[in-house]
Structure formats: C-alpha cells, structure tokens
Amino acid sequence: DSGVTQTPKHLITATGQRVTLRCSPRSGDLSVYWYQQSLDQGLQFLIQYYNGEERAKGNILERFSAQQFPDLHSELNLSSLELGDSALYFCASSASGGLQYFGPGTRLTVL
Amino acid sequence: AQSVTQLDSQVPVFEEAPVELRCNYSSSVSVYLFWYVQYPNQGLQLLLKYLSGSTLVKGINGFEAEFNKSQTSFHLRKPSVHISDTAEYFCAVSGGGADGLTFGKGTHLIIQP
C-alpha cells in the first residue's frame, strides 16, 4: 500500500459525458501527478500540481483539467469524453521532486 | 526532452534462471532513473531508484540495476527469478524537480516453470 488513494476504482460512462477522478496523496506530500495508461500510448504524464498550484504539464488534452485543493487532494476532470479516453488513470504523490508513489488507479471505460 | 527505450516488449525466462531487462534513456540533463513493476490489475510499485551516488542500485524482491552514464543505460537484473515475478516492468526517467516521469513502453516478464 503506497498511501495514495484514488476513487472510484472503476468508472463506466458514455461518449460526450464528463467525469471527475479523485486522488488523495500520501500524508505530508505536497506534489500530485496524474498519468494516463492506455494500450496505444503507454504510460503518459498529464499534469503536476504542487501545494495547490500547477507546476508542470505533459500530454494533457484541452478537454482535461485538474486542480489541487487546500487539503492537498486533487481532482482530474475529463469532459466531452471519447472512446479513446478509455484508460487507466493513475495519481502519484511525492514529498520532493524525485520519488513518486502511485495510487491503485481508476479504470475509465467510455462506451 | 527525455525519452526511454525498453528494447524488449516480452522476455520469457525459466524459473530460477537469471534475467536482465534492458533500458536505455536519452536526456540533455542529469537524470533520476527508476524501475517500476505492475502486477496484473494493480498499480505501479517502485522497485528501485537511482538518484545519485553508487551506480549499482539494489531494490526490493532481489532486483538490482546498474546506471551506466556512458552507455545511457539502466538495465534491471535478478539472479534467479520466481513465478511471482511475472509482471510488467517499466523503466522511467525524470529530470528531477517538477518533472513528471517519462516511461518506457514496458517489458512483460514471463516466467516459465
């Protein structure tokens, strides 16, 4: 158990819909990272937040957004969903820049 | 920009045999290097890391890796594998600081009895 929690574990929705994925970092970690794992693209870094502020952006689509709240939990919002957005979405947290601990993931299925 | 190449998508090995999973990276800056393991239907677990210091890094479950700067490699090894090592293994690189991790495409380790 990494100490990072993600909800929900599974999410099934339809094309065009909007969903929110939630992540709680390890106690004391200020950084939260979001990753997408799909068969086509592999594991890709989406975005990072540090203490409530966006720090780095990777291959995140404009239809996707994230935020980190004062209690340090983070949410990833995915809108106008397409079939190709079906993937495992991981959250990771770290205390400093180097070592990231991953949550169990949320499996999103878009029908 | 950084990139990671895992040269083998699948590596079949007999139980109790040694294994090496290959990883090469490219980066214009100093790097941190990682190996993660993903068991079926689970998240990513950190096996080992290289941040600085000794180039031979020991991790969990008997795995080790050697950082070779001149060859830009970070190969993962285990002297004797077990059925329970069957999993997907990912090599990753980070420039440190605020960087997200850049992952390789993964190597599926298949242990044959």
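Readers should treat all values here as calculations from the given coordinates under stated rules, not as data from a laboratory. Remember, predicted model here, so these are calculated numbers, not experimental data. Here Cβ is always computed from backbone atoms with ideal geometry, including for glycine, and neighbour counts include all displayed protein chains.
Under the rule a/c < 1.5 gives rounded, and otherwise a/b versus b/c splits prolate from oblate, where does the protein assembly as shown land using the Cα gyration tensor? If you can, show how the numbers build up before the last one.
Numbers: a/c = 1.89, a/b = 1.44, b/c = 1.32.
Prolate shape, in that a/c is at least 1.5 and a/b is the bigger ratio.
Rank the residues A:Thr15, B:Thr107, B:Thr86 as a footprinting-exposure proxy: fewest other Cβ atoms within 10 Å of their Cβ go first.
Numbers: A:Thr15 12, B:Thr107 23, B:Thr86 16.
Fewest-to-most Cβ neighbours within 10 Å comes out as A:Thr15, B:Thr86, B:Thr107.
Going from the fewest other Cβ atoms within 10 Å to the most, the residues A:Tyr49, B:Tyr39, B:Tyr32 appear in the order B:Tyr39, B:Tyr32, A:Tyr49.
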